[in-house]
């Protein structure tokens, strides 16, 4: 299997039942965040958000705007998220307008060197995505622990 064929198969698996071009475009937002996280790139994660984007996480984390998100992620990559990754799959895509999509994913943090999510790191996430100047961006993101072993705290 060629690299292109393998990559295409991986994307097809990720998109699952969400096969329209519009769904795939909106679902590019989580893909961009996952790619930036894989590099522990705080600026790359922040750039997925709109200028006034909101990040809400368990443990009373509320970050508003790219600067706050970038600073939070930089500190996280220097500490508890160092060498971690994230992964997830879409479970729901809804368009509430031509330029607004609500996405729901199940995923979580991958501990360093791991390929599977530990139960205590599994999350259910909600993504509010907006299309600005032809590109889908993240206006708001929130997650909560998922599953019986979920005890994720920041």
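Values in this text are rule-based calculations from the coordinates and carry no lab data. Owing to the predicted nature of the structure, the values given are computational and were not obtained by experimental measurement. Please note: Cβ atoms are built from the backbone with ideal geometry, for glycine as well, and neighbour counts cover all protein chains shown.
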Handout entry: Residue-averaged [θ]222 nm for the chain, counting only DSSP H segments that reach four residues, each worth -39500 (n - 2.57)
Key = -10000 deg cm²/dmol
Handout entry: Distance between modelled label sites at residue 10 and residue 91, nm, 7 Å Cα→Cβ extension
Key = 2.4
Handout entry: Gyration tensor (alpha-carbon) shape descriptor, the range 67-154, a/c threshold 1.5
Key = oblate
Practice task
Kindly identify the chain as rounded, prolate or oblate by the Cα gyration tensor criterion: order the square roots of the eigenvalues as a ≥ b ≥ c, call it rounded if a/c is under 1.5, otherwise compare a/b with b/c, prolate if a/b is larger, else oblate.
Solution key: rounded
Practice task
Convert 37 °C to kelvin, take the viscosity as 0.692 mPa s, use the Kirkwood radius over C-alpha pairs of the range 74-120 as Rh, and evaluate the Stokes-Einstein diffusion coefficient in µm²/s, rounded to a whole number.
Solution key: 260
Completion exercise
Honestly the range 1-45 on the Cα gyration tensor test (a ≥ b ≥ c root eigenvalues; a/c under 1.5 rounded, otherwise a/b vs b/c for prolate or oblate) is just oblate
Exercise for the section: With label points built 7 Å along Cα→Cβ from the Cα atoms of residue 43 and residue 144, find their separation and express it in nm. Expected result: 3.6
